[in-house]
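Colleague: Mind having a look at this structure? Questions to follow.
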C-alpha cells in the first residue's frame, strides 16, 4: 500500500499556451469576414425559432440531468443510467415549461445523445397515432403520451434487415379465443436492434407475419405488452434483453425479444388500414398505400436538414481549431506575429482548405435542399388531398437518393473533419469521435444507403424510357423528365466553357450536372434494355446514376434557392452564399470528374479549369471560413468540444478536460502493486539503484 | 422482490440454410487449396511459429481470455490491459520469443497495452542512439522491465513539425546537468503512450540549449517517477490525456517539467554530443544512414496493411456468404435438396462483391509490394555499405508515399467492410468496430498521411527535371527514372486497347499507370517552374501525384510477381491463376477508382473507361467462387478476429446471441433505474390496469 497520500488529483501548472492566443486569433478571423454573420443566421432559422432555441438552451444548460461534463469518461453502465435520468427529467421539463414538440426537439438536439425513451416518442407514439383505430388510440395512445406505458418499435430481426418481407416472427389468429399468438420459430427470428427494448419498454410495436386460417398475409404491426406494469419483469413466454455494446449509441438499450407462443388480444392488431374480422379471421385489405409515401418524404426532408447540422457541427469544430492550430512555417509566405515569424495557421494551407471548406458548402447545400423538400412535401400533400398524385413519384425517388447521398456525405464529412484536426481529432475531447460513432447508423437504417439508390435509379430509368418514347405529356413534365428531355434534344452537346471563370456561371455548372445525370441514365437503360444485362450486374452503375441525379438536385436547389433569397439578404451575404454554391458545384464536379469526362460533355482541358476554379474559390472563401460556420450558431453546449469552442481556448480546454480523466484522480494507478512494482523492484534486488526512496535512481 | 436472473436465449437454431453449411459449400467450390497459397505467402516457418504462439496465447489464463473485451469501461479495460502487459512480458521471457515472435503475438493479442512502446520505441531508441555506456546503464534494466519507458516527442501544440517543439534542455556545465523545462501550456508532452500511468522513464525530445545556443530537438532519457513507489518526481507533472476514439487500453499521457534537473548521461550521445566539462556541442555525422531504417519500418507497415485488409475482408466475406437478403428475382436461390425459394446470400449481389472483393485484392497487393520493399531494402543496405547511395532517395520517397497510401486504403477498407456487414457491422461483436478505432491513428502518426506525400512529390519533381535535362540519352536505373523517361519518349501516346479483354494484358495496364503518373508529375513541374505557382497552392496535386506513383509501384510489383510468375513447381497453377485474377482486379479496380486522372491524361478514352468498368464486373464474377478461400488463405485465427460475424465456422447467429447473453445489462432482468425512473410514470396509470385471467395487469 502507498505510504503517501495517493488521492491527489493531477493539476496543470498555470501557464498560457504559446501565442498567438486562440481567442485573439478567432476574433481576428471574425473581424475580417465580408458579411454579417447574424444576418445569415436569421435568414436560415428565422427569429421565432432562434428565440425558442435560446430559451430552451438556457433551461437545459442549467439542468443537472442535462450536464455533459462526464460524458466522455463514462462506461456503458453509467451512461445508460444517466440517460435514464435525462429521460425522466425531459418528460418533467416538457410538462413544467409547457414545451411544444418543437421545443422538445430542440432540447433533444442540443443534448445530442439518444436515450432509452428516444424511440418512445420517435417511433412508438407516431405509429400509434397513424395506424390505430379510435378505440386503440384511447387504449394505447392516451397512456403512452403520459408515459404510463413505454414503447418501442420492433421490426428488424437477427437474420433480417432491409427486406421486411423476409421477417420470420408470426402472429397467428386463433379464431376460437379471438387472440393472436406471437411466435419466434428460429434463432434468426429474434427481434434485434430495437432501441428502448433492452431495458426500458413495457410495450412494443411488433411487426409480425399475420397468419389467418393458415394463410400468410406478410408483416403487420401489433402493439404488444412485454413487461409487467407492476414490477417491469418480462412476461411469461417472452425472452427480452439488451443486444450488447455497439460502435456508438451505447446510451440506448437496443434490445432483442423472442416470443414463445405468446398470446395477445385481438385489439393488439393495429387496424386503421388492414383489418382482421373477429371470430372468422377474415382479412380486410388496406386502401391505397400511396399516401404513406408522403410521410416518407417528410421524414427524409428532416434527415437532410439533420445532415446540415451534422456537417455544420463537424465543420465548426475543425475550422475553428484550424484557425488556432499552427504548424510549420510556410517559407513562401511566412506569418508574422508581434514582429516575429511564427508557424502558419493550418487553415492557410491549401490542402486543409480543400479538405474542409467544401464541407461548409455541403452544409449550406443541404439547408437549401431540405427547405425545398419541405416546401414540396406540403405542396404534394395539398395535391394528394385533391386527388393529384403527379408530384409524388418524383419527390419520392429524389428523396430516396437524397437520404442515401446526404447521410453518406455527412458521415464522410464528420470523419474528414476529425482527421483534419490531426492528432487531437483522435481525442474524445474533440467532440467528433463520439459524434461520428453515434451518427454512423444513419447510413444503414431507414433504408440502407445502397439499397435506396435502386429506387431512385428505377424511377430515372422509367422516366427516361417514357421521355425517349415521347410518351411524357408536356403537362406531366417535372424536374427529372425535364432535364432528360433537354438532354435528348442534343445528346452530343459539349460544355461551352473556354476558361475557368466560365464555370462561375451557375448555368454552365448546372448544364454539366444535367448532362452527366441524363447520359448516365441513358447508358444504364441501354445496358439493361438493349444489352440484356441483369439488374444485379448493374448495381454499381445504379448507385452512381442515383448519385448523379441527387447531386444535380442539390446543386439545382442551391442555386434556385439563392435566386429566391435575393430580397431577403444583403448583397454581401448573398455573395458569401454564392461562393458557397459555386464551391459546392465545382468541388462536387471535381470529385465526380470521371463521370463528366466519360459523358464527353467535359473535355480534359475543362477538367483542368474546374480544378483551378476550386482552388480559386477556396481562397475566396478563406477569409469568411470562421464566419460561415459561426452563422450556424451552434452553441458550445451542443458542440461539447475542446477544439471547437467559440472562444478558441483550445489548449486551456484540452488540459482542463484531461484533469477530469478519472485515471488522474490518483497519483499512482491501482495496477501498480500487482503489475509494475514486482518488475521494477527486481532492479533494486540486482543492486542497480543508487539512492533511497524517492531519490532512488539508476 | 422479483428473481432478477440472467437472460438466456431459447435453444433454437437459425433459419435454414445454416451458416456452417453455407461456408462449407463455399470452401468446396473453391478452385484452389488455400493452404498452398498460405504456405507460398507466409512460408512454413512463419506458419509454424504463428501456430505455436497462438497455442500459448489461447491457453493462457490471462491473455487467452478476450471474452470481456467488448463490454468493459475504460477503467476496467485499463486494469485488464496492465495485467495483459505484465503477462505478455513474462511469456516473452519464458518462451524466449524473438522480435518477430513478439510481433506475431502482438498481432494475435490485438490490443495495445501500456508496455508496447517500451518495447517498440523506448528500447530501440536507446539501442540506436545510445553510447555503449548508456546501453549498459539504461538498456540492460529496460530489457528486464526494471525501468519502463516511453517515447515523448509530440506536444500539446506541436505534432508533425518536430522543429517547432518547445520543451527545452539547457545544459549547465557547473552541475554537469541538463535543466528540462516546459515554458508554456502548449509545451506539455502529449499523446505519449505508456506515459500516463505506467512509465518510470521517458525518452524526451527537447531543444538542446548549450552555451546559449539552441541546437533544436535532441533525445534525453529522463526518470519521471520514483522507482520506490512510482510517485511522480518533484518538478514533474504527469498524467493521462483522457479518453480517445480508440486505444483506450493505453495510458497516452502528458508530462510537463518545471526546471527539472537530469544528469549529463541522460542525453543520448551516439550521434551528437555535449562535452561534459565545457558544454561544447559536437555535431552528428551524416544522417543518411537512418533513412534506410525508415524504409524498413515502412515495409513493415505495408506488410501489416496486408493483414489489416485481410482481417476486414475475412469478417465481411464470411458473413456475406452466410447472411441472406431479398430474393434475386432473376436468379432465385433454392434451399438445397428442396424446391423452396430462399433469400440470396448477399455475397451474390454485385454491389457487395464490388465493395468487398477489391479489399481482398488490396491485401494481396500489399503482400507483394511489402515483399519487394524488403528486397529493395536489403539491396540498398548492401549498396550503402559500399558507399553507393544512388537507390536511397527513390526508395525513401516511394516508401513515404506507400505508408500514406496503404494505411489510408486499409483504414477505408475496415470501414467499408464494416458497413458491408449491414446493421450487425455496428455491433461490437462484428470485431470491426474496435479494430477501426484502434487502427485509426495510423493515418496520422509515423508521418501524417498528407504531409508524407509532399516528400514523395518533391522527389518526383526533382527526378523529372533531371531526366528532362539529360534528354533521355543516359541509362536510367531507378524505378521512377525509367517510367518518366518512358513517358517523355512519347508524351502523345494513347492506350491501344480495343476491347474489355485487352485490359487483361498486364503491359496495357502498366503503360496506362506509367503515363498517368509521369504526366501528372510533368504538370506539377510545369506549374512550379513556368507558372510560378507556390508549393502550398499545389498541395492537392501533390497528394494525387504521390498516390499515382505509389499505385503504379504496387501494380508493377503485383503484376511482375504473377505474370509469368512462379513455376508450376513453386506454385500450383490453380493458385497462380487466382493470384493473377487478384492482380488484375486490383489494377483495374484502382484504375476505375482513379478514372478521372486517367481520362484527364488523355491516355484513356471515354470508351476505354467503359471497357474497364465492364472488365471489373467480369473479374468480380471470376473471384466469386474463390472469395471465402482467398480470405481463408491468410489463416487469421478466430482468437485474433474475435468476431461473431467472421468466425471460421459460420456460426454467426449462435455467436451473436451467445455474446449478447454476456452483456452486463442482461445479468439482471430489471434495470437498476427502474425504481427511480420508470416505476413512477407507469404506476401513475394504475387506474387503467385490468387483470387478465392469469392476474397480469394489462391495459
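Colleague: Sorted from fewest to most neighbouring beta carbons within 10 Å, what does the list B:57, B:571, A:509 look like?
Modeller: B:571, B:57, A:509
Colleague: Here's something else I'd like to know. So what are the radius of gyration and Dmax for the Cα set of the stretch B:641-699, in Å?
Modeller: When restricted to Cα atoms, the stretch B:641-699 yields Rg and Dmax of 19.0, 55 Å.
Colleague: What ratio of Cα Rg to 2.2 N^0.38 Å holds for the protein assembly as shown?
Modeller: 0.93
Colleague: Quick check on the protein assembly as shown: of the DSSP beta bridges with both residues there, what percent are antiparallel, nearest 5%?
Modeller: That works out to approximately 85 percent antiparallel.
Colleague: Still on this structure, I have one more. Taking the square root of 5 times each eigenvalue of the Cα gyration tensor, what semi-axes in Å does the equivalent ellipsoid of the stretch A:280-435 have, largest first?
Modeller: The equivalent ellipsoid of the stretch A:280-435 has semi-axes of 47, 16, 10 Å.
Colleague: Could you give me D for the stretch B:147-285, from Stokes-Einstein at 25 °C and 0.890 mPa s, where the hydrodynamic radius is the Kirkwood radius over C-alpha pairs? Units µm² s⁻¹, please.
Modeller: The Stokes-Einstein estimate is 163 µm²/s.
Colleague: Any idea what log10 I(q)/I(0) is at q = 0.10, 0.21, 0.22, 0.24 Å⁻¹ for the stretch A:190-291, Debye with uniform C-alpha scatterers and no solvent?
Modeller: Scattering profile of the stretch A:190-291, log10 relative to I(0): -0.34, -1.10, -1.15, -1.25.
Colleague: Further question on the same structure: Give me P(r) over the stretch A:1-122, computed from all C-alpha to C-alpha distances, binned every 5 Å, as integer percentages.
Modeller: For the stretch A:1-122, the pair-distance distribution reads 2, 8, 13, 13, 11, 13, 13, 12, 9, 3, 2, 1, 0.
Colleague: At what distance in angstrom do the alpha carbon centres of the stretch A:378-399 and the stretch B:408-438 lie from each other?
Modeller: A separation of 38 Å, based on Cα centres.
Colleague: Can you give me the pair-distance distribution of the stretch A:610-698, C-alpha pairs, 10 Å bins, whole percents?
Modeller: Bins of 10 Å from zero give 12, 21, 18, 16, 12, 13, 7, 0 percent of pairs.
Colleague: Could you give the alpha-carbon Rg of the stretch B:479-578 over 2.2 N^0.38 Å, rounded to two decimals?
Modeller: It is 1.34.
Colleague: At 4 °C and 1.567 mPa s, what whole-number value in µm²/s does Stokes-Einstein give for the translational diffusion of the stretch B:391-508, with Rh from the Kirkwood sum over Cα pairs?
Modeller: 73 µm²/s
Colleague: Give me the compactness ratio for the stretch A:105-203, meaning the Cα radius of gyration over 2.2 N^0.38 Å.
Modeller: 1.22
Colleague: Mind listing P(r) for the stretch A:175-249? All alpha-carbon pairs, 10 Å bins, whole percents.
Modeller: Computed distribution, short to long bins: 15, 46, 30, 8, 1.
Colleague: Would you mind computing the Rg to Rh ratio of the stretch A:147-218 from its alpha-carbon coordinates, Kirkwood style for Rh?
Modeller: 1.00
Colleague: Okay, moving on. So how do A:137, A:14, A:494 line up by other beta-carbon neighbours within 10 Å, fewest first?
Modeller: A:14, A:494, A:137
Colleague: I'd like the antiparallel share, as a percent to the nearest 5, of DSSP beta bridges with both residues in the stretch A:88-228.
Modeller: 70 percent
Colleague: Can you give the Rg to Rh ratio for the stretch B:401-450, taking only C-alpha atoms and Rh from Kirkwood?
Modeller: Result: Rg/Rh = 1.05.
Colleague: Sum -39500 (n - 2.57) across every DSSP H segment of at least 4 residues in chain B, then divide by the residue count to get the 222 nm mean residue ellipticity, nearest 500.
Modeller: Mean residue ellipticity at 222 nm (helix-derived): -15500 deg cm²/dmol.
Colleague: If you average the C-alpha positions of the stretch A:40-70 and of the stretch A:429-465 separately, how far apart do those two centres end up, in angstrom?
Modeller: What the calculation gives is 29 Å, centre to centre.
Colleague: Along each of its three principal axes, how wide is the spread of alpha-carbon positions in the stretch B:90-168, in whole angstrom units, largest first?
Modeller: Projected onto its principal axes, the Cα set of the stretch B:90-168 covers 43, 34, 19 Å.
Colleague: What per residue convex hull volume, in Å³, comes out for the stretch A:294-630 when only alpha-carbon positions are used?
Modeller: Given the Cα convex hull of the stretch A:294-630, per-residue volume reads 156 Å³.
Colleague: Would you compute, from DSSP H runs of 4+ residues alone, the mean residue ellipticity of chain A at 222 nm, taking -39500 (n - 2.57) per run and dividing by the full residue count, rounded to the nearest 500?
Modeller: Calculated from helices alone, the mean residue ellipticity at 222 nm is -16000 deg cm²/dmol.
Colleague: Based on the Cα gyration tensor of the stretch B:293-631, what are the three equivalent ellipsoid semi-axes, each the root of five times an eigenvalue, rounded to whole Å and given largest first?
Modeller: Values for the stretch B:293-631, descending: 37, 23, 20 Å.
Colleague: Find the percent of Cα-Cα distances in chain A that exceed 41 Å, and round it to a whole number.
Modeller: For chain A, the fraction of Cα-Cα distances above 41 Å is 40 percent.
Colleague: So how compact is chain B: Cα radius of gyration and Dmax in angstrom?
Modeller: 29.0, 99
Colleague: Here's something else I'd like to know. Considering the Cα positions of the stretch A:531-663, please state its Rg to one decimal place and its Dmax as a whole number of Å.
Modeller: When restricted to the Cα atoms of the stretch A:531-663, Rg and Dmax are 21.0, 66 Å.
Colleague: Could you tell me the convex hull volume per residue, in Å³, taken over the Cα atoms of the stretch A:97-139?
Modeller: Looking at the stretch A:97-139, the number lands at 96 Å³ per residue.
Here, each number is a calculation from the coordinates, and none is a lab measurement. What you see is a predicted model, and the numbers here were worked out from it, not measured in a lab. With ideal geometry, Cβ positions are generated from the backbone for all residues, glycine too; neighbour counts draw on all protein chains shown.
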